[in-house]
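Let me begin by presenting the structure, written as structure tokens, before commenting on it.
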Amino acid sequence: MKQVCLVCVNVDCKSRGSEEIKKELEKRVAEKGLSDNWEVRPYICFGACQDGPNIVLHPEKSWYAGVKMEDLDEITDHLAGGPDVKRLDKIDTSLKELIFQLLDSGVY
């Protein structure tokens, strides 16, 4: 089953560079041969605008907040089977649970 890497592209995240981050992540996923397992997609909003740019991995249920271009090496390593990037896991548990429930129900 293909996993999805959702990158918020709403106003706040976009103003902090999320579109460029999404494009670079797409490029790295392709270069590392991860496209069979991962698809990078835009997402309109996770509700954590103050902590953006936000990236959510589904169905894995990892959430990365405050992502910068220099974090993409570690995130790409995680997509390739490496460890979570724990320092970017800063979102309140109740918000995560709500968003993961929405994603599990198929709301993309």
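The values are calculated or read from the model by the stated rules, or taken from the named source; none is laboratory data. Just so we're clear, the structure is a prediction, and the values are computed from it rather than from any experiment. For neighbour counting, all protein chains shown are included, and Cβ atoms are generated from backbone atoms with ideal geometry for every residue, glycine included. We work out accessible area using only protein heavy atoms, side chains counted, and drop any ligands, DNA or RNA first. Shrake-Rupley method; radii C 1.70, N 1.55, O 1.52, S 1.80 Å.
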Item to complete: Considering every residue within segment 38-52, establish whether at least one is out of contact with any helix residue (DSSP H, G or I) (no Cβ under 8 Å at 6 or more places or on another chain) and open to solvent by 70 Å² or more (accessible area, probe 1.4 Å).
Response: yes
Worksheet, complete the sentence: Over segment 5-20, the set of residues of a type outside the set (Asp, Glu), within 14 Å of the chain's Cα centre (by Cα) and farther than 15 Å from Asp77 by Cα is Leu6, Val7, Cys8, Val9, Asn10, Cys13, Lys14, Gly17, Ser18
Worksheet item: For the subset of segment 68-108 comprising residues that are closer than 15 Å to Asp51 by Cβ and of a type in the set (A, V, I, L, M, F, W, C), which member is most open to solvent (accessible area, probe 1.4 Å)?
Response: Leu98
Discussion item. With touching a Gly at 6+ places or on another chain (Cβ under 7 Å), within 18 Å of Lys22 (Cα to Cα), in contact (Cβ under 8 Å) with a residue 12 or more places away in the chain and of a type in the set (A, V, I, L, M) as the only criterion, which of Leu79, Leu88, Leu57 stands out?
Written reply: Leu88
